[in-house]
Amino acid sequence: GFHFGMVLGDMWNYKNHMGGLDIFTTLYRQDNRWRFHIRGQHENQTYDPVNLQYYLQSRGIDGVVIFYDQLEDMNFFYENIDILLHPGQKEAFCYAVGEAMAKGIPVVVNDFYGSEDIWPSYSLYQIHEEAIVNILSKDWPANIYLRQYIQDNYSLERQLKETDEYLGL
């Protein structure tokens, strides 16, 4: 499909939402079937919304970027996307990436410090052009493998065991 999403929580510089919008704008200019679903809100309520609105209008994408406020059930968001983009520059474990993979949704993740210890290498990108190539490749692991990656690496049982070991219990 032509729907990809980005989950931010608060939109602030390290979440790199403007980088995500640049990636989307490039995709949209290549094929106007693309739609971008963004779950997040501005941290700074003064200048940021004005800047964002200008960006959307000046790039001609204001009608094809869909924003979601806080959601009680994130399944609604995930059901609307085919790929999840995580352009963050500073992150630990991103729940949205884990949730998307657990639902069998492919992910494209910025190669931030430590990302290679958390996410599979095939999902990482270093520059916007690589993210675009990854998104367009459609050479994704089958849904079962995405879910299996989460099960193998982040199951509740494993997390509880590792926490107990860390605490010396």
Over the stretch 114-163, with neighbouring protein chains present, the accessible area per residue in Å² at probe 1.4 Å is 66 Å²
Extension length gain for LYS161 and ARG29 (0.36 nm per residue less Cα distance), in nm, is 42.8 nm
The answer for chymotrypsin sites (Phe, Trp or Tyr not before Pro) in the stretch 1-92 that fall in a DSSP coil and have at most 16 neighbouring Cβ atoms within 10 Å is PHE2, TRP12
Taking Cα atoms, the helix 143-154 axis meets the longest principal axis of the chain at an angle in degrees (rounded to 10) of 50 degrees
Share (percent) of C-alpha pair distances in the stretch 22-85 greater than 14 Å works out to 62 percent
With all protein chains in place and a 1.4 Å probe, TRP140 shows an accessible area in Å² (nearest 10) of 60 Å²
HN-Hα couplings for the stretch 90-96 via Karplus (6.51, -1.76, 1.60; θ = phi - 60°), in whole Hz with x for Gly/Pro, come out as 8, 7, 10, 6, 8, 4, 4
Per the chain, sqrt(5λ) over the Cα gyration tensor eigenvalues, sorted largest first, in Å, gives 28, 19, 15
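The values are calculated or read from the model by the stated rules, or taken from the named source; none is laboratory data. Remember, it's a predicted structure, so these values are computed and weren't measured experimentally. Cβ atoms come from the backbone with ideal geometry, glycine included; neighbour counts cover every protein chain shown. Accessible surface is based on the protein model in full, side chains and every heavy atom, while ligands, DNA and RNA are left aside. Shrake-Rupley method; radii C 1.70, N 1.55, O 1.52, S 1.80 Å.
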